[in-house]
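A short write-up of the structure that comes next.
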Amino acid sequence: SAAQRKFAHSLRDFKFEFIGDAETDDERCIDASLREFSNFLKNLEEQREIMALSVTETLIKPLEKFRKEQLGAVKEEKKKFDKETEKNYSLIDKHLNLSAKKKDSHLQEADLQVEQNRQHFYELSLEYVCKLQEIQERKKFEFVEPMLSFFQGMFTFYHQGHELAKDFNHYKMELQINIQNTRNRFEGTRSEVEELMNKIRQNPKDHKRASQFTEEGYLYVQEKRPAPFGSSWVKHYCMYRKAAKKFNMIPFEHRSGGKLGDGEVFFLKDCTKRHTDSIDRRFCFDIEAADRPGVSLTMQAFSEEERKQWLEALGGKEALFPSFNRAILPRPEGSAQLDKMGFTILRKCISAVETRGINDQGLYRVVGVSSKVQRLLSMLMDVKTCSELDLENSIDWEVKTITSALKQYLRSLPEPLMTYELHGDFIVPAKSGSPESRVNAIHFLVHKLPEKNKEMLDILVKHLTNVSNHSKQNLMTVANLGVVFGPTLMRPQEETVAAIMDLKFQNIVVEILIENHEKIFRTSPDTTFPEPICLSTSPPNAPPRQSKRPGQRTKRPVAVYNLCLELEDGDSPNLPKEDTPTGSQDSLSSPLPTTATACGPPGPERNHLLADGGSCGDWTFTTPSQTRPSMVQWLNPQSPTTPSSNLAVTPPSPRRSPFPISPATTIMDKPPESIVNRKARAVYPCEAEHSSELSFEIGAIFEDVQTSREPGWLEGTLNGKRGLIPQNYVKLL
């Protein structure tokens, strides 16, 4: 039991690391599963402890009582009986040894005494026999009944385990699906990852990540010491912005895997290349700081090529590159085009697949022979031979060859079907938000695609929907199709290491298209802003308090991951002042720096904040009519009460559902009425940051809950203590 509890504690504290800026819903559920396992073990051991503690009351004490009161009494009777037996037989022996010559009167008196003693011994024997009979009968129930109670406790323990297992079974089934989806995504994207790694390995310069800095990287900086110690060279991570001439450098130690101390920031004045005749090291250059007169720093690059890049970026002498900014290399264009011939190829392949192979196992996942695929694609892309090809009735071309040719055509387009421009915008909603908000966002973006792209995507996704409807036969579920077509329909213009992390989110976008084909392609999107999205796995931030003590924190509680997108100053949409109410009790914002995003509390069951014309009570959001807003703007409109806000997305529910759980009553499509004398249950844990607030765990029940004067807060009683509760942390009962 102690080992089980220790194991449960270890599971509870374990945290998965993940690479990238967000997790999928399946990954969040897997992350939460260890806490669920921990709770299961904890509940099991609590039941075991209850059983162990009940043994004393149900078994040991009743048996001790029986021993003391019943067996103890019989032992006393036995002592008494043994004593009387000895007395009786000694008297009989004495009587039988009397001489017959004694007087008759003496003999008669002796006979009378023996008879009285015999009568007394007989009565005592009867009492002893009755006591023995009584104790033997009592054993049958006063001993066995506690044993029955003991075993009943054991049965109860095992029954509780059975009930826990039954409750756990539904969650277990869903978790298995989450695990399988994650495995499928991993296996499906492994080849894409390896291909991208090979490209990066062959041409690392062409795949450097986009950066806000003109130049960045590691440099060794000379630190001069007093004589006779000379100088030392310390590795720093350096970043330079050319426009502002701002130079940042942070000392870094690779052995410990982190920075050694605080960084330095200064403004560049001049940069000069150092020759080897002036310093006994290669690849060196000097820089002077404008805000540190007379101070010169000597730096060493890792190679001559890197030194040239730094000199170019810093405006130093002997700059060899005409332009430092790395241009994005255009993709080599194939012969495939998004034209009439392309639509003919698509329709011909789809028609053949649906006629001949819609039930083939592993459809689109099983690849054809490369030479045959290339030959078929060449024939399809030739006007003369394409018209003569009858794929529906020809046995010359296997279904797997046709499906591979279709995928190859889509990959050969000069630009992916879902475009480079909108690639990042499609990825954003896939990383977070409620399921409905994701559908709304992707619905909106699909209708921003060029008409030909949207038309071809419609034809393809309709076909994939039909394929998924036959998944019992072909085993190609929506998730499997997402794995196959995610990298085919979407790819970033810059193939960087960061792009590897987004492969699984490309799959999710395709899954959403397939599952919601009719809505996305047959209806017009809502022109108003849909639900804001923020990439976070932490509980929602509590509302702001109107009066705060100096230095009091504004965020609660500290999140393990806080991945909200940051808006640059120019990315924030401006809302009309007349649409910005102040002092509203249903305010969803908390004051933060202007780079934070505005995110509404999510949940699949909640009433959407911006549904039905984009209004929520008195709030109205409008879309700029002249230009399409950037995706970051569109998904992150500012809060109506502050310049910006940061309300984190709900973490996934640990059981029953892979989707975020809903703080059901926190967001309403009309102004909230006053809450009086209600009960509420906590859906997130919270640690109080002020004496007037309550700390609680998930599942805590609050009594006498009512609306507080603090906007976004409730007042309630927990365990006899009354205090403030963040409204978006609880669900009213």
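The values are calculated or read from the model by the stated rules, or taken from the named source; none is laboratory data. None of these values were measured; they are calculated from a predicted model. Protein only, heavy atoms only, side chains kept; ligands, DNA and RNA dropped before computing areas. Shrake-Rupley method; radii C 1.70, N 1.55, O 1.52, S 1.80 Å.
Scaled to the compact-protein estimate 2.2 N^0.38 Å, what is the alpha-carbon radius of gyration of region 70-111, rounded to two decimal places?
Details: Rg = 16.0 Å, N = 42, 2.2 N^0.38 = 9.1 Å.
It is 1.76.
Please list 168, 267 from largest to smallest accessible area, probe radius 1.4 Å, with all protein chains kept in place.
Working: 168 35, 267 95 Å².
My answer, sorted largest first, is 267, 168.
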Item to check | Spatially proximal aspartates and glutamates relative to residue 308 (Cα-Cα < 12 Å; intrachain offsets below 8 disregarded) | outcome: 215, 318
Checklist entry - Ignoring any ligand, DNA or RNA, what whole percent of the accessible area of region 1-101 comes from carbon and sulfur when the probe is 1.4 angstrom? => result 57 percent
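Kindly provide the Kirkwood hydrodynamic radius of region 99-187 in Å, to one decimal, from all pairs of distinct alpha carbon atoms.
Values: mean 1/r = 0.0481 Å⁻¹.
When all Cα pairs of region 99-187 are included, the Kirkwood radius is 20.8 Å.
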Checklist entry - Karplus couplings for region 368-385 from phi (6.51 cos²θ - 1.76 cosθ + 1.60, θ = phi - 60°), rounded to Hz, Gly and Pro as x? => result x, 5, 4, 5, 5, 4, 5, 5, 5, 5, 5, 5, 5, 8, 9, 4, 5, 6
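Quick one: order 675, 287 from most to least accessible surface, probe 1.4 Å.
On the way: 675 25, 287 0 Å².
Highest to lowest solvent-accessible surface, that is 675, 287.
Of 61/140; 79/139; 15/721; 242/273, which pairs sit farther than 28 Å apart, going by alpha carbon to alpha carbon?
Values: 61/140 17 Å; 79/139 21 Å; 15/721 33 Å; 242/273 18 Å.
From 61/140; 79/139; 15/721; 242/273, over 28 Å: 15/721.
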Checklist outcome for this item: Note, region 714-721: 3J(HN,Hα) by Karplus (6.51, -1.76, 1.60, θ = phi - 60°), whole Hz, Gly/Pro = x, goes 10, 10, x, 10, 9, 6, x, 9
Checklist entry - Where only protein heavy atoms count, and the probe is 1.4 Å, what is the accessible area per residue for region 276-317 in Å²? => result 51 Å²
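Based on the alpha-carbon gyration tensor of region 408-533 and its eigenvalue square roots a ≥ b ≥ c, which shape applies: rounded if a/c is under 1.5, prolate if not and a/b is larger than b/c, or oblate?
Values: a/c = 1.27, a/b = 1.06, b/c = 1.21.
In terms of gyration-tensor shape, rounded.
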Item to check | Cα Rg, Dmax (largest Cα-Cα span) when computed across region 12-96, Å | outcome: 33.4, 110
Checklist entry - What is the set of long-range amide H partners of residue 724 at a cut-off below 5 Å, with H atoms built 1.01 Å from backbone N? => result 693, 694
